[in-house]
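Novice: Mind having a look at this structure? Questions to follow.
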Amino acid sequence: LNGNDGITSFSGNGRDENLYHIIEVNSENVTFNGVVVSGGQATASSGDDRFGGGIFKDSNVLNLTIANCTFTDNVAIGGGAVFNRSGNGDSVTILNSTFKNNLGTYAAGLYVINEASATNAVSVSNSLFYNNTTKNNNICL
């Protein structure tokens, strides 16, 4: 935000003012179409501000669609680009989108977790995930 962002890393790099989420979804049935999300840094020491450097969506909000979007150079403990905590009956749909150069301890591109006993649907189609890195070589989507 200050124009001084350095390399994508967990600390330092001139990103201190970028902390937390670029976008926090607070409404149901939200669609992002043609958005570029870059430079998020959700690396707080505790709480939800550790998740979703680009987009954060909690379980009290249902149904997120991401179409024709680009996520680049976002960092988080979980879900460098997108974090979705799903409630029962929730859906996440990703179409024609690109996730590149994101960093996460757990899932650099997309991190979806369920609330207890929740069932949901996740659909990813015609999208590209590349050059994303996890801190501890975890599965990286």
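Novice: Around Tyr20, under 10 Å between beta carbons, what's the net of Lys plus Arg minus Asp minus Glu among the other residues?
Specialist: Local charge sum for Tyr20: -2.
Novice: Residues of segment 93-122 with the amide nitrogen closer than 17 Å to a label point 7 Å from the Cα of Val36, along Cα-to-Cβ, please.
Specialist: Backbone N within reach: 97-102.
Novice: In what order, largest first, do Lys135, Lys100, Lys57 sit by accessible area if the probe radius is 1.4 Å?
Specialist: Lys135, Lys100, Lys57
Novice: Work out from phi, with θ = phi - 60° and the Karplus expression 6.51 cos²θ - 1.76 cosθ + 1.60, the ³J(HN,Hα) of each residue of segment 111-127, listed in order in whole Hz, and give x for Gly and Pro.
Specialist: 10, 10, 10, 9, 5, 3, 6, 7, 10, 8, 10, 10, 10, 10, 9, 6, 10
The values are calculated or read from the model by the stated rules, or taken from the named source; none is laboratory data. Keep in mind it's a predicted model, so treat the numbers as computed, not measured. As a convention, Cβ positions derive from the backbone with ideal geometry for all residues, glycine included, and neighbour counts pool all protein chains shown. Just the protein is used for accessible areas: all its heavy atoms, side chains included, with ligands, DNA and RNA removed. Shrake-Rupley method; radii C 1.70, N 1.55, O 1.52, S 1.80 Å.
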